[in-house]
Every structure is written in structure tokens, then in C-alpha cells.
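Okay, so here's the structure we're looking at.
The values are calculated or read from the model by the stated rules, or taken from the named source; none is laboratory data. Just so it is clear, the model here is predicted, and its values are computed rather than measured. Heads up, the Cβs are rebuilt from the backbone with ideal geometry, glycines too, and the neighbour counts pull from every protein chain shown.
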Amino acid sequence: MDTLARCVLAVSLRGGGLDLADGTPASRAHLKSREYHHLFPDSLLQNVGITDEQPSKALNCALITWNTNRNISAKEPIQYLRERVLSAALGETEIRSRLCTHAIPFDALNVGGYTNIDDTVLRAQKVWNDYDKFLTARGQIIMAALKELCEGRNWPGMRTD
């Protein structure tokens, strides 16, 4: 595992990494029951030419339960966020909070509509731009969280209960 992947994992574990669907927290005890979910699906990225190790970047992953991972599958981010918001009893506020425990920026992830773009070049450009903005935003949050953790402080998304 590379250094960035370990950093993302550490931030998610220290943040409590609440599952997006059922809200169970990630912990060392539950780690074996979690899977890495690609926030921007592999198939979406590969269809627009983002190949090699790009889809597996640690910044594009979140630790969620097996069941949640199967339910999300290869849906566009905006589609599964909308489904989570509509099916969560507490709505968007709760989903934002759960994403925050993974250091995932809701607004940068709340993108999609790619299937509605007929022009393949425009579709690819939108995916590339959205993905790049997401990786940049999440990278900044991860770095800020790591700095706080290294200095012995909680970071803003960290659960303290």
C-alpha cells in the first residue's frame, strides 16, 4: 500500500468513516467487513480514457460496507448521492456528515449527468474536469486533516463521540 493510501485510510479510521447507507462507523474491528468503493466508478473513468492506476487512486476511494458497495455499484456520483439523500431519514445534512467522516467533499462529489451528454468529447471533458476537481478538493481536505492529526488535534470532520 502506498503512503497516500495509508493516509486516506488513517483519516477515515480516525474520522469514524460512517457507512453512507447504514451509518456504521469504520474501525479496526470492522475493517475486514469494509470494501474500497470507487467514488467515481472505474467504468465511468475508463470509458473517457482515464486508465492505468487513475481509477484506483486512494483519493477516489472510501471504505464502506459490502452491502452499500453493491447497492451503489457503478452509478454516477450524483445518482447515488441523490438516492442516499432521499432514502436517509435525516436527508442531505446526514449524508454530508457521513461523507465528512471520510474527508469526502459533498459538493465536489455531487456531479454527474454524463449519460445525458451525447457528444463523446464533451462528455469526456466533463468527467475529466469533475474528477480532477474532486481529487483536488479531497486532497486538500486529507492534507488538512493529516496536519491536524499530526499535531494532536481533531480535524473538522472527525467524530469525537
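Would region 87-94 turn up any residue that is under 24 Å from ARG153 (Cα atoms), acidic (Asp, Glu) and surrounded by fewer than 17 Cβ atoms within 10 Å (Cβ to Cβ)? Yes: one or more hits.
Among the residues of region 61-83, is any closer than 19 Å to TRP155 by Cα, of a type in the set (A, V, I, L, M) and free of Cβ contacts under 8 Å to residues at least 60 places away in the same chain? Steps first, answer last, please.
Within region 61-83, the first condition is being closer than 19 Å to TRP155 by Cα, and the residues that meet it are 62-63.
Keeping just the survivors that are of a type in the set (A, V, I, L, M) gives 62-63.
With free of Cβ contacts under 8 Å to residues at least 60 places away in the same chain added as a condition, the list becomes 62-63.
The answer is yes; a qualifying residue exists.
From the list ASN69, ASN47, ASN60, the lone residue that is more than 13 Å from the chain's Cα centre (by Cα) and closer than 23 Å to THR115 by Cβ is ASN47. Selection of first residues in region 95-114 that are in contact (Cβ under 8 Å) with a residue 24 or more places away in the chain and of second residues that are among the polar types (S, T, N, Q) and surrounded by fewer than 19 Cβ atoms within 10 Å (Cβ to Cβ), restricted to Cβ pairs under 7 Å at least 6 apart or on distinct chains, gives the following pairs, ordered by first then second residue: GLY112/GLN79. For region 122-148, the set of residues classified as under 14 Å from VAL8 (Cβ atoms) and either exposed (fewer than 15 other Cβ atoms within 10 Å of the Cβ) or touching an Asp or Glu at 6+ places or on another chain (Cβ under 6 Å) (or both) consists of GLN140, MET143, listed by residue number. Just one residue in the set ALA26, ALA74 is touching a helix residue (DSSP H, G or I) at 6+ places or on another chain (Cβ under 8 Å), assigned to a loop (DSSP other than H, G, I, E, B) and within 21 Å of LYS133 (Cα to Cα); that residue is ALA74. Where helices (runs of 4 or more DSSP H) fall entirely within region 89-151, those with at least 3 residues that are touching a Gly at 6+ places or on another chain (Cβ under 9 Å) and farther than 19 Å from TYR36 by Cα are at 120-150.
Would you say GLU92 is among the acidic types (Asp, Glu) and within 15 Å of the chain's Cα centre (by Cα)? Answer is no for this residue. For region 14-32, the set of residues classified as modelled with pLDDT of 80 or more and more than 20 Å from ILE95 (Cβ to Cβ) consists of ARG14 only.
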